[in-house]
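Here is the structure we will look at, set down as structure tokens.
The values are calculated or read from the model by the stated rules, or taken from the named source; none is laboratory data. Every value quoted in this text rests on a predicted model; they were computed, and no experiment measured them. Every residue, glycine among them, receives a Cβ derived from its backbone with ideal geometry; neighbour counts consider all protein chains shown.
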Amino acid sequence: VWIVDKNVENLQACTQIVDAAQFLRVGETVAFPTETVYGLGADALSDEAVEKIFMAKGRPSDNPLIVHIADKEQVNDIASSLPEKGAALIEAFWPGPLTLILPKTERVASLVTAGLDTVGVRMPDHPVALALIKQAGVPVAAPSANRSGRPSPTTAEHVMADLAGRIVGVVDGGATGVGVESTVLDVTVEPPLICRPGGITREQLEEVIGEVAIDPAFLPDAAEAPRSPGMKYTHYAPEGEMWLVDGEESRVYEQMRTMLAEAKRHGRKTGVMATMESLPYWRQQQVADVVISVGSRSELEQVAQHLYGVLRQFDDEQVQFIVGETFPRSGIGMAVMNRLEKAAGGRILAV
Ligand code: TXA
Ligand code: MG
């Protein structure tokens with residue numbers, strides 16, 4: 001673990017960054033913080049290096065990786081062309097939590113794109129990530145630095161809990177900010193298509209380029225398979241069985257109480273994923289063994305920031321049955337609900 005203070009000047013010259021970057025240059029894997037979640041990086045131009053990412057994570061090889069760059073111009077080394085709307089979005093949102101799907105150049109390792117002729121590219125908004133990529137001198141392929149299927153890591157501790165002994169190391173720059181992954185937007189199609197909702201909202205994108213389509217798989221009652229290869233896998237899941245209950249508040253609470261009591265009767269350790277607003281109620285009810293707030297309902301950014309850490313906390317407490325409320329699907333709520341649905345493996349009850 002290389003501990004760095006993300007606020008120091010000239011991070012790129014810090015020995016921790018120089019050391020970590022050296023490992024990337026020789027084809028090893030290093031985890032590092034971004035503004036969304038921690039990533040597990042390797043040289044995006046080397047199939048041999050990228051293969052180590054798939055091995056460490058236990059990731060299916062048909063799920064492509066995102067290439068991270070340290071300045072906007074570098075996109076031209078990765079993508080063979082840049083549509084006008086893509087260029088406008090780069091100006092508006094890079095560095096930031098927006099991944100653009102673009103036609104790829106030959107330089108990108110074929111394992112990165114899982115054989116597709118497109119590639120996902122983003123410039124992260126985190127001083128440690130940018131310093132590391134610059135110092136490495138190569139574009140860095142990086143998925144989230146969790147074991148495949150687990151909640152994404154928002155701290156270096158999460159990374160080590162999943163990957164210690166399987167990677168060279170992690171640059172610890174503290175907790176990440178956004179908390180959910182970047183928005184993946186395909187700008188090779190018209191209108192551009194959101195393949196994965198994330199840190200930049202549909203509303204923000206539409207302010208810059210007009211109409212943006214959304215993969216129908218993200219709307220409730222989706223029948224179609226998701227477009228982004230990664231979206232079809234069970235993901236972000238805690239070890240316990242998770243359920244979401246959707247509907248009018250008093251009925252939701254009543255249903256949650258019933259489910260908790262039932263689980264308890266079966267001898268299971270139970271948990272409630274509460275909000276700041278519902279925390280006092282659940283504390284007072286004493287129907288669950290573990291009650292954790294994910295943040296305030298009126299600040300969904302907070303919920304996004306805490307979501308993965310809270311899911312991991314339930315695992316740490318060995319909770320076997322978890323119930324949670326749902327959130328509005330607008331703004332960052334779309335990404336939050338997408339991750340929650342995945343964590344719950346689709347177990348949503350409408351009351
Ligand atoms: O915020 C993030 O994006 C984090 C940090 C580390 O940058 N990274 C991340 O990577 O979430 P990962 O591998 O966990 O998710 C990448 C997503 C997957 O859903 C993958 O299928 C999709 O991007 N993706 C990558 N390349 C693609 C392509 N060419 N076409 C469609 N989807 C693609
Ligand atoms: Mg991931």
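Taking the criterion of being of a type in the set (Val, Ile, Thr) and more than 21 Å from Leu185 (Cα to Cα), the residues of region 320-338 that qualify are Ile322, Val323, Thr326. Could you tell me which residue of region 4-44 is nearest to Ser148 (Cα to Cα), considering only residues that are touching a helix residue (DSSP H, G or I) at 6+ places or on another chain (Cβ under 7 Å) and assigned to a strand (DSSP E or B)? Applying the filter and picking the extreme gives Leu40.
Check region 79-91 and report whether any residue there is crowded, with 23+ Cβ neighbours inside 10 Å and within 16 Å of ligand 2 (Cβ to nearest atom). Within region 79-91, not a single residue is crowded, with 23+ Cβ neighbours inside 10 Å and within 16 Å of ligand 2 (Cβ to nearest atom). The single condition among (1) over 21 Å from Phe23 (Cβ atoms); (2) of a type outside the set (Val, Ile, Thr); (3) free of Cβ contacts under 8 Å to residues at least 24 places away in the same chain that Met123 does not meet is (3).
Taking strands (runs of 3 or more DSSP E) that do not extend beyond region 94-181, which have at least 1 residues that are under 19 Å from Cys195 (Cα atoms)? Answer list for region 94-181: 98-103, 118-122. For Ala141, only one of the following conditions fails: (1) buried (at least 24 other Cβ atoms within 10 Å of the Cβ); (2) free of Cβ contacts under 8 Å to residues at least 40 places away in the same chain. What is its number? The one condition Ala141 does not meet is (2). Annotation note: Cβ proximity below 6 Å between a residue of region 268-290 that is small (Gly, Ala, Ser) and a residue that is not in a strand (DSSP E or B) (sequence gap 6+ or interchain) occurs for Gly271/Ala288; Gly271/Phe314; Gly271/Val319; Ala274/Trp282; Ala288/Leu260. In region 316-337 there is at least one residue that is among the β-branched types (Val, Ile, Thr), in a helix (DSSP H, G or I) and at pLDDT 95 or above. Exactly one residue out of Ala114, Ala142 is in contact with a Pro (Cβ under 6 Å, 6 or more places away or on another chain) and within 16 Å of ligand 2 (Cβ to nearest atom): that is Ala114. Note on region 20-66: residues that are buried (at least 19 other Cβ atoms within 10 Å of the Cβ) and modelled with pLDDT under 95 amount to 1. Of all the numbered requirements in (1) under 21 Å from Asp186 (Cα atoms); (2) within 16 Å of ligand 2 (Cβ to nearest atom); (3) hydroxyl-bearing (Ser, Thr, Tyr); (4) touching a Pro at 6+ places or on another chain (Cβ under 8 Å), Tyr38 misses one, and that requirement is (1). A search for C-beta distances below 6 Å between a residue of region 176-192 that is on the phi > 0 side of the Ramachandran plot and any residue that is within 13 Å of ligand 2 (Cβ to nearest atom) and in a loop (DSSP other than H, G, I, E, B), counting only pairs 6+ apart in sequence or on different chains, returns Gly179/Thr154.
Taking the criterion of being near ligand 1 (Cβ under 9 Å from one of its atoms), within 18 Å of Val112 (Cβ to Cβ) and not polar (S, T, N, Q), the residues of region 32-52 that qualify are Phe32, Gly39, Leu40, Gly41. Residues in region 246-290 that are surrounded by fewer than 16 Cβ atoms within 10 Å (Cβ to Cβ), within 29 Å of the chain's Cα centre (by Cα) and either under 18 Å from Arg347 (Cβ atoms) or of a type in the set (Phe, Trp, Tyr) (or both): Gly247 only. If you go through region 91-134 and pick out every residue that is under 16 Å from Leu45 (Cβ atoms) and polar (S, T, N, Q), you end up with 3. Of everything in region 55-85 that is of a type outside the set (D, E, K, R) and part of a helix (DSSP H, G or I), the residue that is nearest to the chain's Cα centre (by Cα) is Ala56. Only one entry in Arg202, Arg166, Arg147 is more than 15 Å from ligand 1 (Cβ to nearest atom), within 18 Å of Ala56 (Cβ to Cβ) and surrounded by fewer than 22 Cβ atoms within 10 Å (Cβ to Cβ), namely Arg166.
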